[in-house]
Amino acid sequence: MKSLRLIFIALLLLSSIEVEGQNRSNYQEFVDVRDGKTYETIELGSTIWMAENMKFKTENSEEHYNELSKTNYDGYYYPLGEIDNVCPDGYRIPTTKEWETYIKLILELKNIPEDEIKFSRLTKKGDEYVIGGISGEKLQAFKNPNPLNIKDQGHTQNGEITGLGSFNIWIKHDVSSDPKYHLHLDDDGYLIHTHKHHIVGKKKKRRKFSIRCVSGEFIEN
C-alpha cells in the first residue's frame, strides 16, 4: 500500500496540468466501441480503473439532470438485472476487496490513520452489512485528493434521484455469488452490504445504482 501511495503521489508531482483542482496528466482515455463514448482511466497498482461512471445505455438505465450544476449526473443508474451487461470487453465490476484497497489509499492520501476507521460487521435476516465508519466527516469523499473523481450523486428510486450526499455503486463480492452487493460511500465512511429490500420486489421501490468498471486480475483476500 505504501508503494502504491508513493507511485500515485509521484505521478501527481510530475505534472503541472490541473483540471478542477485535480491533476490530470496520469489519466488515459478509453473509448467504448459499442457506442463511441470516451472515459478517463487511471492505473492504481495492477488495476486500471475508470475514473467516471458508466454511460452505456441499457433497456432500464436512467440518466438524470442536476439542477444545481446544470449538467447531467455522472453516468447512468442501473437496476440489478442489467449490471452484468454494462462494462465493455476487458472490463468488469470491481470487487469488495478492490474498493476497500482504494479506500485505504484515500486514507493515506488524506493523512487519516487507518485505525480511525471503526469496523463493524453484522448479519440481519440473512443480509450482510460491513461498515467502516470515520467520525467527524473526515473522509471528505468528494474532495481532492480524489483520483477516481467520485461525486455526490445518490441513487434513484421510482425514477427520482434520492440519497444525495453519498456515492452508491454496484460491486461484486470476492467470495459470495450474491449479486446484490453494493457500496455506499460518504464523508463518514462506507457501507458494503447486500439486502433484498429496495433491490428486488416491487418495481416502484427498486433502487438503481451507478457502475464503475476496472480492468485487471481480481484482488484476492
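Just so it is clear, none of the values below were taken in a lab; they were calculated from the coordinates. Source: prediction; values computed, not measured. All Cβ positions, even for glycine, are placed from backbone atoms using ideal geometry, and neighbour counts span all protein chains on display.
Remarks
- Whichever aspartates and glutamates have a C-alpha closer than 16 Å to that of K125, once near sequence neighbours (fewer than 8 apart) are set aside: D178
- What the Cα convex hull of the chain gives, in volume per residue, is 134 Å³.
- In order along region 60-77, the phi-based Karplus estimate (6.51 cos²θ - 1.76 cosθ + 1.60, θ = phi - 60°) of 3J(HN,Hα) comes to 10, 6, 10, 10, 10, 9, 9, 5, 6, 8, 6, 8, 6, 4, 5, x, 9, 10 Hz; Gly and Pro are listed as x.
- The label-point distance for R34 and L80, in a model that sets each label 7 Å from Cα toward Cβ, rounds to 2.1 nm.
- Stretched out straight at 0.36 nm per residue, the stretch from K202 to E160 would grow longer than its current Cα-Cα span by 13.6 nm.
- Descending Cα extents along the principal axes, region 114-178, whole Å: 39, 35, 21
- Two-site label geometry, S176 and E137: point separation in nm, points 7 Å out along Cα→Cβ: 3.0
- Dipole in debye (nearest 20) - the chain, about Cα centre, beta carbon charges: Lys, Arg +1; Asp, Glu -1: 740
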